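Here is the structure we will look at, set down as structure tokens.
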Amino acid sequence: MTKTPLIIDCDPGVDDAVALLLAFGAREALDILAITTVAGNVAADLTARNARLIRQIAGREDVPVYVGASAPLVRPPIIASHFHGESGLGTLPVFEPDAPVAPGEAAQAIVDIVMNRPAGTVSMAVTGPMTNLALALQREPALAARLGPVIVMGGARREGGNITASAEYNIHADPHAADLVFRSGVKTVVLGLDATHQVRATPDRVAAVKAIDTPAAKAVAQLFDFAVWTEQTHVGGDSPPQHDPCTILYLLAPQHFTAAPVDLQVETQSALTMGHTAVEFRLADPAAATCRWVTDVDHEAVFAVMLEILA
Ligand code: BDR
Ligand code: CA
């Protein structure tokens, strides 16, 4: 099988951590070139520490972790520790990882890695605010044409918002970065809440993960337990959506996702709807669209993929 060269840009984050564990486990399908971290769910030093910690649990210290932006492009940071715990990893025991971060910083690493490889070959999964990618595009505009598809977790249409009435957290946390990325012409596949709310850690699925005796599955089980608690406490319901893992699952099994070409614009003016994603399906020339919006997911099939990898 040909491996997909991949950069994962993330803000771990409980569900980012599940996404990372999946990606690290998919050794035959993904060639993870780098993890880049950004301030988001928790501060930048913690997201970088958490990425290194998950890397160590997975035994993948071969993958470099680059520290990225400590604040959004324009707006002040919005921390989401009520959903991810003070450490960002819920109740997963935290420790100082053995291996350090890589020298250099995230935006430059993205530029260097992508510009030094053949056009269209490096994909990205972006599971946090899009600050690092926006900074990379500002630094090297040719990056937009050179990058392979960018699989984004962000935005909402049918579902409404999860941080405000109309905005999803990742886009709301850095709307100016998201606006820059979507205007850049880079090819994106976007998994908004419309898609990720279909992929939930139900009690049966949590039990299935708990039955797997691997370090990655044990960590995922603990992350799921915390996510169930936050869902019960803050939202109501006992089956938390698995937002960020959807990006990795899309890369591994795109046949289980239904997507359509759209025009996606980000609200950056209104305080009320800041970070809202205006998703337009009525296009004069659908073939020219650079963005695909995921509308439906075969959630049974993608959870089967998840269980297979964790085992
Ligand atoms: C997104 O917000 C973050 O809190 C999660 O990690 C996910 O990336 C969901 O809206
Ligand atoms: Ca995230």
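The values are calculated or read from the model by the stated rules, or taken from the named source; none is laboratory data. If you're wondering where the values come from, they're calculated on a predicted model, not measured in any experiment. So basically every Cβ, Gly included, is an ideal-geometry build from the backbone, and we count neighbours across all protein chains shown. Just the protein is used for accessible areas: all its heavy atoms, side chains included, with ligands, DNA and RNA removed. Shrake-Rupley method; radii C 1.70, N 1.55, O 1.52, S 1.80 Å.
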Over the chain, with the other protein chains present, what is the accessible area per residue in square angstrom, probe 1.4 angstrom?
39
Gain in span if fully extended, Thr2 to Leu283, counting 0.36 nm per residue against the direct Cα distance:
97.8 nm
Determine ³J(HN,Hα), in whole Hz, for all residues of segment 116-126 in sequence, where each value follows from phi through the Karplus function 6.51 cos²θ - 1.76 cosθ + 1.60 and θ = phi - 60°; x replaces Gly and Pro.
8, 10, x, 4, x, 9, 9, 8, 10, 10, 10
Which ³J(HN,Hα) values, rounded to whole Hz and listed in residue order, are derived for segment 209-220 from phi using the Karplus coefficients 6.51, -1.76 and 1.60 in 6.51 cos²θ - 1.76 cosθ + 1.60 with θ = phi - 60°, glycine and proline given as x?
5, 5, 7, 9, 9, 10, x, 5, 5, 5, 5, 4
Segment 4-310, relative contact order [Cα under 8 Å, separation at least 6], %
19
Which residues' amide hydrogens lie under 5 Å from the amide hydrogen of Ala26, considering only partners 5 or more residues apart or on another chain, with H built in the peptide plane?
none
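How big is the dipole moment of the chain about its Cα centre under a simple scheme where the beta carbon of each Lys and Arg is +1, that of each Asp and Glu is -1, and everything else is neutral? Debye, nearest 20, please.
The calculation lands at about 440 debye.
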Only Lys, Arg (+1) and Asp, Glu (-1) charged, at Cβ; segment 97-200 dipole about Cα centre in debye:
360
Between Val150 and residues 5 or more places away or on another chain, which pairs have amide H atoms under 5 Å apart, with H built 1.01 Å from N, and which residues are they?
Met124, Lys187, Thr188, Val189
Highest average packing first - 287-296, 105-114, Cβ atoms within 10 Å
105-114, 287-296
Dividing the Cα convex hull volume of the chain by residue count, how many Å³ per residue is that?
121
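Hey, can you rank 209-221, 229-241, 8-20 by average C-beta count inside 10 Å, highest first?
Per-residue mean Cβ counts within 10 Å order the peptides as 8-20, 209-221, 229-241.
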Calculated from backbone phi, Karplus (6.51, -1.76, 1.60) coupling profile of segment 36-51 in Hz, x at Gly/Pro:
10, 10, 8, 5, x, 3, 9, 5, 4, 5, 6, 5, 5, 4, 5, 5
Counting only protein heavy atoms, what percent of the accessible surface of segment 4-310 is carbon or sulfur at a 1.4 Å probe?
54
